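Before I ask anything, let me first share the structure, which is written out below as structure tokens.
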Amino acid sequence: MKTLLLLCPIFLAVMLGCKKDDPLVDPEIIETQKVAALQEQFHGKYGIVSSVSSEAVDVNMDGVSSTDLFQEIDILPSEKNFHFDVEVRIYPKNPLSAKPAYLFSQSWPEQYIRLENEEWTGGPGLNYDPSLRMDFLRQGTARQFHFSDDLKLLNVLPSEQENPYRWVKPESVTVDPAGRLVIVNKRYLYTKNGVKQVSITSVYQRFTKET
């Protein structure tokens, strides 16, 4: 009995040691598999398939307001311009990075208006003036993000220097049942009724896994 009691701790230590070295539960392998699965599900370029504002706006100055921004911003729909407005990049750790990298970028047709001695900053306080010329420039920025535990939310982190009026950070990025990204942004839009701040909900579908 005494011999058996001495052998039990030794046997337990051997079993624990084998489990620790088991490649199936090796943390490095688990992390690599996790990143590969996330790449397969999310990594790639996304095109916009719909975009609606929280209130009707007249961005194209035709006298008709609409919540459908495809009707108001003619360069917005992806199918008309063959572009991708959102990129999700997921990279495993490497010799230059000790942790996996998660990058999110979103571009948008930013409005630019030349005033008498300056350029409109993109914020509030600009009244409608039919003599002003408005141009669109598709611009954006990249930010880091992390997933929620259930992979239904991409938590986009602010950059070091955020512009309050242009290239704004999303209010939220969620994943719908079809795997599309639903992105909510608050933006200032120059309209026929002056500058309006609206909440814009846009849906993006992945068209390629390449970035």
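The values are calculated or read from the model by the stated rules, or taken from the named source; none is laboratory data. For clarity, every value in this text was computed on a predicted model and none was experimentally measured. With ideal geometry, Cβ positions are generated from the backbone for all residues, glycine too; neighbour counts draw on all protein chains shown. Surface areas here come from the heavy atoms of the whole protein model, side chains and all, with no ligands, DNA or RNA. Shrake-Rupley method; radii C 1.70, N 1.55, O 1.52, S 1.80 Å.
Output the 0 to 90 degree angle, nearest 10, between the alpha-carbon long axis of helix 2-21 and the longest principal axis computed from the alpha carbons of the chain.
Here the helix axis deviates by roughly 30 degrees.
Points 7 angstrom from Cα along the Cβ direction at K34 and S50: gap in nanometres?
3.4 nm
When only alpha-carbon atoms count, how far does the chain stretch along each of its three principal axes, as whole angstroms with the largest first?
Here the spans come out as 98, 34, 28 Å, largest first.
Give K45/K99; K45/K192; K152/K196; K93/K186 a once-over and call out the pairs whose C-alpha atoms are over 24 Å from each other.
Values: K45/K99 22 Å; K45/K192 33 Å; K152/K196 30 Å; K93/K186 33 Å.
Exceeds cut-off: K45/K192; K152/K196; K93/K186.
Report, as a whole number in µm² per second, the diffusion coefficient that Stokes-Einstein gives for the range 137-203 at 37 °C and 0.692 mPa s using the Kirkwood radius over alpha carbon pairs. Mind showing how you got there, number by number?
Details: Rh = 13.4 Å.
Here the translational diffusion coefficient equals 246 µm²/s.
Additional query: So, in nm, how far is label D149 from label V203 when the simple model puts each one 7 Å beyond its Cα toward the Cβ?
Between D149 and V203, the label points sit 2.9 nm apart.
Let me ask another. What value in Å³ per residue do you get for the convex hull of the alpha-carbon atoms in the range 34-120? Could you put the intermediate results ahead of the total?
On the way: hull volume 14.5 nm³, N = 87.
Cα convex hull per residue, to the nearest whole number: 167 Å³.
Okay, next question. Could you tell me which chymotrypsin sites (Phe, Trp or Tyr not before Pro) in the range 126-211 are loop residues by DSSP with no more than 14 other beta carbons within 10 angstrom of their beta carbon? Kindly include the intermediate steps, with their values, before the conclusion.
On the way: sites: Y128, F136, F145, F147, Y165, W167, Y188, Y190, Y204, F207; in loops: Y128, Y165, W167.
The qualifying sites are Y128.
Please name whichever of N60, L153, N94 sits farthest to the positive end of the charge dipole of the chain, dipole taken about the Cα centre and charges placed at Cβ: Lys and Arg +1, Asp and Glu -1.
So the residue we want is N94.
Counting Lys +1, Arg +1, Asp -1, Glu -1, what net charge surrounds Q33 among other residues with beta carbon under 12 Å of its beta carbon? The partial results should precede the final answer.
Working: positive: K34; negative: D26, E28, E31, E40.
Result for the local shell: -3.
So how strong a dipole does the chain carry about its Cα centre when Lys and Arg Cβ are +1 and Asp and Glu Cβ are -1, to the nearest 20 debye?
On the way: 23 positive and 28 negative charges, 154 e Å.
Computed charge dipole of the chain: roughly 740 debye.
Using 1/(1 + (r/R0)^6) with R0 = 35 angstrom and r between the beta carbons of T211 and S172, what's the FRET efficiency to the nearest 0.05?
Details: r = 23 Å, r/R0 = 0.64.
E(calc), rounded to 0.05, equals 0.95.
A further question on this structure: For a quick check of your reading of the filter: which GluC sites (Glu not before Pro) in the range 60-153 sit in a DSSP loop and have no more than 11 other Cβ atoms within 10 Å?
On the way: sites: E72, E79, E87, E110, E116, E118, E119; in loops: E116, E118.
Sparse-neighbourhood loop GluC sites (Glu not before Pro): E116, E118.
Something else about it: Can you give the accessible area per residue of the chain, in Å², using a 1.4 Å probe?
Values: 12970 Å² over 211 residues.
Ligands and nucleic acids excluded, the result is 61 Å² per residue.
Moving on. If you stretched the chain out fully between Q161 and R133, how much longer would it get, using 0.36 nm times the residue separation minus the C-alpha to C-alpha distance?
That works out to 7.2 nm of additional length.
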